[in-house]
Amino acid sequence: MSNMLSVPPLSLATQSTDFTDFAAAFGGSFQRFGFAVVADHGIDAALIDRAWVATKSFFAQSVPDKMAYRAGKGGQRGYIPFGIEIAKGATENDLKEFWHIGRDLPPGHKFADHMPQNIWPAHPPEFRDIFIELYAEFDKVGAKLLSAIAVYLGLDKEWFVEPVRDGNSVLRLLHYPPVSPQAPGVRAGAHEDINLITLLLGAEEAGLQLLDRDGNWLAIDPPRGALVVNVGDMLQRLTNHVLPSTTHRVVNPEPGRRGSARYSMPYFLHLASDFPIVTLPGCVSTANPDRYPRSITADAYLRERLREIGLL
């Protein structure tokens, strides 16, 4: 484990007073680590607390009760049981179960054929209202962070507005159940995220690690309530690896603490399905030639990756 470095926390509140400085710090953290830690993000703490209560209440139900909401269509909505997902290239499935909430589209929307309507559980009764509100809050914070990334890359501040409009973003409620002291040491295998950027709540619980460029695993230890934000493979591809999608994992705690559950909420912010991922010209140079001369739509790329991790 590398003890020399840590991902420095940033305050999103400073974006409104000095946008340029925040963009430089946030983009610099992305370029150095592929990760950033963002405090003062503005999502209501009381809403987040209610979301944790609802998440724990849902997962505390019996397996048959949860299986009534088993997800279809590549796991985009509803319940995905324990042990289904596997990291790309891994030999063991992850020790987790989860729930997916997506974007509700109006009838007849051009993406409706592959972005299904949400599934809502009967219990807890407040689940739907809480997570519709939280999803919208993640969308707002994500837009602010993307504007900073655009400026860092030398683009117009509003560059990402249209590319992510009605994007296939997914809020995942994650439950890593208690395991025996002899359980494997990894709850979620080493992987990179598929999407544009990921915004994660719940990383205060020890276990999240990134693979630093020196080859060591670096623990992520954010202030309570802060977001951990990371580059996804779509942004890495768009920026020709100027912003790297860093390998990360979730490890089990020490054997004496493996009887405790772990919960987290990543929001996977996606591009619009028909957006063509074409390398940004400003990210191509003699020293960094274009790795991706062939463009691919965001939806085609997503489907390709979902097959690799066992969800499609």
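The values are calculated or read from the model by the stated rules, or taken from the named source; none is laboratory data. Just so it is clear, the model here is predicted, and its values are computed rather than measured. All Cβ positions, even for glycine, are placed from backbone atoms using ideal geometry, and neighbour counts span all protein chains on display. Calculation scope for accessible area: heavy atoms of the full protein, side chains included, ligands and nucleic acids excluded. Shrake-Rupley method; radii C 1.70, N 1.55, O 1.52, S 1.80 Å.
Residue by residue, here is whether (1) open to solvent by less than 40 Å² (accessible area, probe 1.4 Å); (2) out of contact with any helix residue (DSSP H, G or I) (no Cβ under 8 Å at 6 or more places or on another chain); (3) of a type in the set (A, V, I, L, M, F, W, C); (4) at pLDDT below 90 holds:
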position	(1), (2), (3), (4)
55	yes, yes, no, no
60	no, yes, yes, no
95	yes, yes, yes, yes
101	yes, no, yes, no
110	no, yes, no, no
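Of these, 294, 224, which one is surrounded by fewer than 16 Cβ atoms within 10 Å (Cβ to Cβ), of a type outside the set (Gly, Ala, Ser), under 24 Å from residue 174 (Cα atoms) and modelled with pLDDT of 90 or more?
Working: 294 fails: under 24 Å from residue 174 (Cα atoms).
It is 224.
From 303, 249, which residue is among the charged types (D, E, K, R), modelled with pLDDT under 95, in a strand (DSSP E or B) and open to solvent by 20 Å² or more (accessible area, probe 1.4 Å)? Working first, answer last.
Working: 303 fails: in a strand (DSSP E or B).
Being among the charged types (D, E, K, R), modelled with pLDDT under 95, in a strand (DSSP E or B) and open to solvent by 20 Å² or more (accessible area, probe 1.4 Å) holds for just one of 303, 249, which is 249.
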Checklist line | Residue count, region 252-275 (criterion: open to solvent by 10 Å² or more (accessible area, probe 1.4 Å), hydrophobic (A, V, I, L, M, F, W, C) and more than 12 Å from the chain's Cα centre (by Cα)) | finding: 2
Item checked: Complete set of residues in region 32-53 that are in contact with a helix residue (DSSP H, G or I) (Cβ under 8 Å, 6 or more places away or on another chain) and either assigned to a helix (DSSP H, G or I) or acidic (Asp, Glu) (or both) -> 40, 44, 47, 48, 50, 51
Notebook entry, point to check: Any residue in region 134-144 that is modelled with pLDDT of 90 or more, surrounded by fewer than 16 Cβ atoms within 10 Å (Cβ to Cβ) and not small (Gly, Ala, Ser)?
Noted result: yes
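Of all residues in region 169-205 being small (Gly, Ala, Ser) and part of a loop (DSSP other than H, G, I, E, B), which is modelled with the lowest pLDDT?
Restricting attention to region 169-205, the residues satisfying the condition of being small (Gly, Ala, Ser) are 169, 180, 183, 185, 188-190, 202-203.
Then keep just the ones that are part of a loop (DSSP other than H, G, I, E, B); that gives 169, 180, 183, 185, 202-203.
Working: 169: 97, 180: 70, 183: 67, 185: 63, 202: 85, 203: 66.
Here the answer is 185.
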Note to self: Taking the conditions exactly as written (of a type in the set (Lys, Arg) and touching a Ser or Thr at 6+ places or on another chain (Cβ under 9 Å)), does residue 213 satisfy them or not?
What the structure shows: yes
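Pick from region 70-86 the residues that are open to solvent by less than 50 Å² (accessible area, probe 1.4 Å) and in a loop (DSSP other than H, G, I, E, B): which of them is modelled with the highest pLDDT? Walk me through how you get there before you give the answer.
First pass over region 70-86, keeping only residues open to solvent by less than 50 Å² (accessible area, probe 1.4 Å): 71-72, 74-81, 83, 85-86.
Pick out the ones that are also in a loop (DSSP other than H, G, I, E, B) and you get 71-72, 76-77, 81, 83, 85-86.
Working: 71: 77, 72: 67, 76: 83, 77: 92, 81: 89, 83: 69, 85: 52, 86: 51.
Looking at residues that are open to solvent by less than 50 Å² (accessible area, probe 1.4 Å) and in a loop (DSSP other than H, G, I, E, B), I get 77.
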Next item on the list: Would you check which residues across region 115-124 are open to solvent by less than 20 Å² (accessible area, probe 1.4 Å) and out of contact with any Leu (no Cβ under 9 Å at 6 or more places or on another chain) and list them?
Entry: 121, 124
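Just name the residue that is modelled with the lowest pLDDT out of those in region 206-221 that are in contact with a strand residue (DSSP E or B) (Cβ under 8 Å, 6 or more places away or on another chain) and not hydrophobic (A, V, I, L, M, F, W, C).
Going residue by residue through region 206-221, those that are in contact with a strand residue (DSSP E or B) (Cβ under 8 Å, 6 or more places away or on another chain) are 206-212, 217-220.
Going one step further and asking which of them are not hydrophobic (A, V, I, L, M, F, W, C), we end up with 207, 209, 212.
Values: 207: 78, 209: 90, 212: 92.
Checking each candidate, the answer is 207.
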Margin query: Only one of 11, 16 is among the polar types (S, T, N, Q) and open to solvent by 50 Å² or more (accessible area, probe 1.4 Å). Can you tell me which?
Written below: 16
